[in-house]
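The values are calculated or read from the model by the stated rules, or taken from the named source; none is laboratory data. Computed from a predicted model, the values in this text were never measured in an experiment. Cβ placement follows ideal geometry from the backbone for every residue including glycine, while neighbour counts extend to all protein chains displayed. Side chains are part of the model used for accessible areas, which takes the heavy atoms of the whole protein and leaves out ligands, DNA and RNA. Shrake-Rupley method; radii C 1.70, N 1.55, O 1.52, S 1.80 Å.
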Amino acid sequence: MRRFLDRLYAASAALGAACLAGIAVVMLAQAAMREMGLLLRGADDIVGWLCAASAFFALGYTFRHGEHVRVGLLLEGLSAPRRHRVELAALSAALVVVGYILWAAAGFVYESWKFNEVAQGLIRIPIWIPQMSFVLGALIFFLAVLDDLVALAAGRTPAYRQAEQAHRAGADLEEAP
C-alpha cells in the first residue's frame, strides 16, 4: 500500500508538471502562430484549465514533501507529547476541510455532468472534463492528509516532517566549510 500511495503522489505531481509544460507549449504555439498571422482558437481556455489542473494535481505531493505553509515555529516550541497532540488536531482539522472541499468539488462536477453543461469559451466541450482535475487533485490531497494522520496516530513520523528534517540536514551540510 505504501508503494502504491507514493507512486500515486508522484504520478499526480508529474501530471501537474505536465500541465505546466502544456501551458508553455500552448503559449509558445500561440505566439508563433500569431507571428505567422494565424490564430490558435481557445488557447486562453486551455491555459486556464491547465493552470487549475497543475495546482490541484500538485497538492498531495507538495503536502507530503513538507512544502505547504505550516506553523512550524509554533510546533517547535512545544514538548514532544504536546506537539503530537497539536499535530493530530491540526491534521484532523485539515482532513475535515479537505474532505469538505472534495465533497463540494465532486458535487459541483457531478452537476455539470448531470446537466450537460458546456464550456462557455471558444472550445465547446463538456465542462466536467476539465473540472475533473479539481476532484482528482482534491482526492489525492485528501489521501495524503489521511496518510500522514494515520502515520502520526500510529506513532510514526509523518512524511512532511521527514521531508523537513531531510531538508534541514541538507542545509546543514551545505553550510559546512
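Summary of computed values
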{"quantity": "Pairs with Cβ under 6 Å, 6+ apart, first in the stretch 145-156 and in contact (Cβ under 8 Å) with a residue 12 or more places away in the chain and surrounded by 14 or more Cβ atoms within 10 Å (Cβ to Cβ), second among the β-branched types (Val, Ile, Thr) and part of a helix (DSSP H, G or I)", "calculated": "VAL145/VAL98"}
{"quantity": "Test for ALA55: is it more than 24 Å from GLY155 (Cβ to Cβ) and among the aliphatic types (A, V, I, L, M)", "calculated": "yes"}
{"quantity": "Count - residues of the stretch 63-81 that are open to solvent by 70 Å² or more (accessible area, probe 1.4 Å), among the charged types (D, E, K, R) and in a helix (DSSP H, G or I)", "calculated": "1"}
{"quantity": "Answer residue from the stretch 82-126, given it is open to solvent by less than 50 Å² (accessible area, probe 1.4 Å) and of a type in the set (D, E, K, R) and is nearest to PRO158 (Cα to Cα) among those", "calculated": "GLU87"}
{"quantity": "Long-range neighbours under 7 Å by Cβ, at least six apart or interchain, first residue in a loop (DSSP other than H, G, I, E, B) within the stretch 17-45, second among the aliphatic types (A, V, I, L, M) and surrounded by 12 or more Cβ atoms within 10 Å (Cβ to Cβ)", "calculated": "LEU39/MET33; LEU40/ALA29; LEU40/MET33; ARG41/LEU122; GLY42/LEU122; GLY42/ILE123"}
{"quantity": "Close pairs from the stretch 46-62: first in a helix (DSSP H, G or I), partner of a type in the set (Phe, Trp, Tyr) and open to solvent by less than 40 Å² (accessible area, probe 1.4 Å), Cβ under 8 Å, at least 6 apart", "calculated": "PHE56/PHE141; LEU59/PHE141; GLY60/TYR9; GLY60/PHE141; TYR61/TYR9"}
{"quantity": "Some residue of the stretch 15-28 being closer than 30 Å to VAL150 by Cβ, open to solvent by 60 Å² or more (accessible area, probe 1.4 Å) and at pLDDT 95 or above", "calculated": "yes"}
{"quantity": "Residue match in the stretch 103-122 (condition: of a type in the set (Asp, Glu), free of Cβ contacts under 8 Å to residues at least 12 places away in the same chain and in contact with a Pro (Cβ under 8 Å, 6 or more places away or on another chain))", "calculated": "yes"}
